[in-house]
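A short worksheet on the structure shown next.
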Amino acid sequence: MTIFVDIEDFLPEAIKWAPNVSDPVALKAIRQSARAICKAARNWVEPAQIAISHPRMQPTCPVQDADILEIRHAFLDDWQLEPVTLQWINDAYPRWPFDLEHGNPHYITQLQPNTLTVYPFATGTLFLQMVLVPSRRASSLPAFLMDGALAELLSDGAASFLLTELSSSNPQLGLAKKQTFEAALTTLKIEALRGQQRAPLRTKGAYF
């Protein structure tokens, strides 16, 4: 399970290039930077187990301070579920939200952001592996973001947001930090894609 750190512990590194900003502004920049890093790297992977007590139940993300970016694997009891987009399931089963029949589940999707829906509708225990990003109001962040290169990257990202504001006292440094941050995000995306290409291919998209 992921170890969390209070988001305020990231403040000293995040504001070293903009020491005069207020804490609320700095914390917003930290969240933006952390979300961008986790989205690019897809490096926050969390297992979960959820009881589905009603066939149309839509549980929310069970992990604190997190939003679901992607579902990698899912089972309802012994039934393997295929993660699909809402658009895919709407095209394949146009009347599925009105389906009154319950049966063996085959798919998992999201009707609303950060929720989970199994179809055909069924009850049971949901086992899944999710790729997460920090929520927009997170009060804590994964501790791995304080380690080594990721800590430095998070600081650069926060600086790029803080120093490119209209009121910035050093917009040139902000642009330099932005270029460094965006280049690093591109590298993380390529590395994440390579990792996905080594995994078994999916037949349907699962982008949430």
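Readers should treat all values here as calculations from the given coordinates under stated rules, not as data from a laboratory. No experiment lies behind these values; they were computed from the predicted model shown. Using ideal geometry, Cβ is built from the backbone for each residue, glycine included, and neighbour counts are taken over all protein chains shown.
Structure summary
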| item | result |
| --- | --- |
| Reduced Cα scattering model of region 1-64, Debye log10 I(q)/I(0), q = 0.26, 0.29 Å⁻¹ | -1.16, -1.27 |
| The chain: relative contact order in percent, alpha carbon pairs under 8 Å with at least 6 residues between | 33 |
| Karplus (6.51, -1.76, 1.60) ³J(HN,Hα), θ = phi - 60°, over region 54-60, in Hz, Gly and Pro reported as x | 9, x, 9, 4, 10, x, 8 |
| Region 69-192 shape via C-alpha gyration tensor axes, a/c threshold 1.5 | prolate |
| Over region 45-133, relative contact order from alpha-carbon pairs under 8 Å, at least 6 apart, % | 50 |
| Neighbour-count ranking [beta-carbon atoms within 10 angstrom, fewest first] of THR117, THR85 | THR85, THR117 |
| Relative packing of peptides 27-33, 177-183, 86-92 - highest average C-beta neighbours within 10 Å first | 27-33, 177-183, 86-92 |
| Helix-only [θ]222 nm of the chain, DSSP H runs n ≥ 4, -39500 (n - 2.57) each, per residue, nearest 500 | -11000 deg cm²/dmol |
| Dimensionless Rg/Rh of region 1-128 - Kirkwood Rh, Rg from C-alpha atoms | 1.10 |
| Order of THR186, THR2 under a 10 Å beta carbon neighbour criterion, fewest first | THR186, THR2 |
| Taking LEU185, LEU162, LEU193, LEU81 and counting other C-beta atoms within 10 Å, the order from fewest to most | LEU193, LEU185, LEU81, LEU162 |
